[in-house]
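Heads up: the structure comes next, in structure tokens.
The values are calculated or read from the model by the stated rules, or taken from the named source; none is laboratory data. Predicted, not measured: the structure shown is a model, and the values here were computed from it. Cβ: placed from backbone, ideal geometry, glycine included. Neighbour counts: every protein chain shown. Each accessible area value is taken on the protein alone, full model and side chains, heavy atoms only, with ligands, DNA and RNA left out. Shrake-Rupley method; radii C 1.70, N 1.55, O 1.52, S 1.80 Å.
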Amino acid sequence: MAESTPLAEVSLPSDADLDGAAELARLVADRTRLAILALLAQRELSVGEIAQKLQRPMTSVSQHLAKLRIGRLVSSRRAGTTIYCALANEHVGALVTNILEQSEHTLYDRPPHHEGPHHAG
């Protein structure tokens, strides 16, 4: 067992950091926004493509994307009349992957992401 860190050396993140993390958690706690982020973790998509994959109205998807842009989780660019969206950075992709993989641990005795050549046993 590893030696534990003395309590005097255990630190708490700043109030600003905790507030920011809590707001981030609220943003990704919505099922539709999490689904959007999971799609964008695979590749850049237009708003119409996202709406089609989610089988949701474009207006609804646009509202969720606006919240994700304000939260700096998603970036967007315009090409003519089409708006394309992508994850803001690689950390967002890692966050989405970690959330989804952690949720599998609550659902399955052997989570699907543990299958394959890197997880023998």
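Give me the distance in nm between label points sitting 7 Å out from Cα along the Cα-to-Cβ direction at Ala38 and Glu3, one decimal.
The answer from the label model is 4.4 nm.
With the chain treated as a Gaussian network of Cα nodes joined by springs under 10 Å, which of Ala79, Ala66, Ala41 yields the largest mean-square fluctuation?
Evaluated over the chain, the most mobile residue of the options is Ala79.
Hey, in the GNM for the chain with a 10 angstrom Cα cutoff, which one of Leu18, Leu34, Leu87 fluctuates hardest?
Leu18
Name the residues whose placed amide hydrogens come within less than 5 Å of the amide hydrogen of Ser46, ignoring near sequence neighbours (fewer than 5 apart) on the same chain.
Cys85
Which residue fluctuates most in the GNM of the chain (Cα springs below 10 Å): Ala22, Ala86, Ala35?
Comparing Ala22, Ala86, Ala35 in the GNM, the peak value goes to Ala22.
How big is the C-alpha Rg of region 54-97 next to the rule-of-thumb value 2.2 N^0.38 Å, as a ratio?
Ratio of Cα Rg to 2.2 N^0.38 Å: 1.21.
Given the rule -39500 (n - 2.57) for each run of at least 4 DSSP H residues, summed and divided by the residues of the chain, what is its mean residue ellipticity at 222 nm, to the nearest 500 deg cm²/dmol?
Per the formula, -16500 deg cm²/dmol.
Enter the accessible area per residue of region 35-113 (Å², integer; probe 1.4 Å; all protein chains in place).
For region 35-113, the solvent-accessible area averages 64 Å² per residue.
Please report the carbon-and-sulfur percent of the accessible area for region 1-46; probe 1.4 Å, protein heavy atoms only, DNA, RNA and ligands left out.
54
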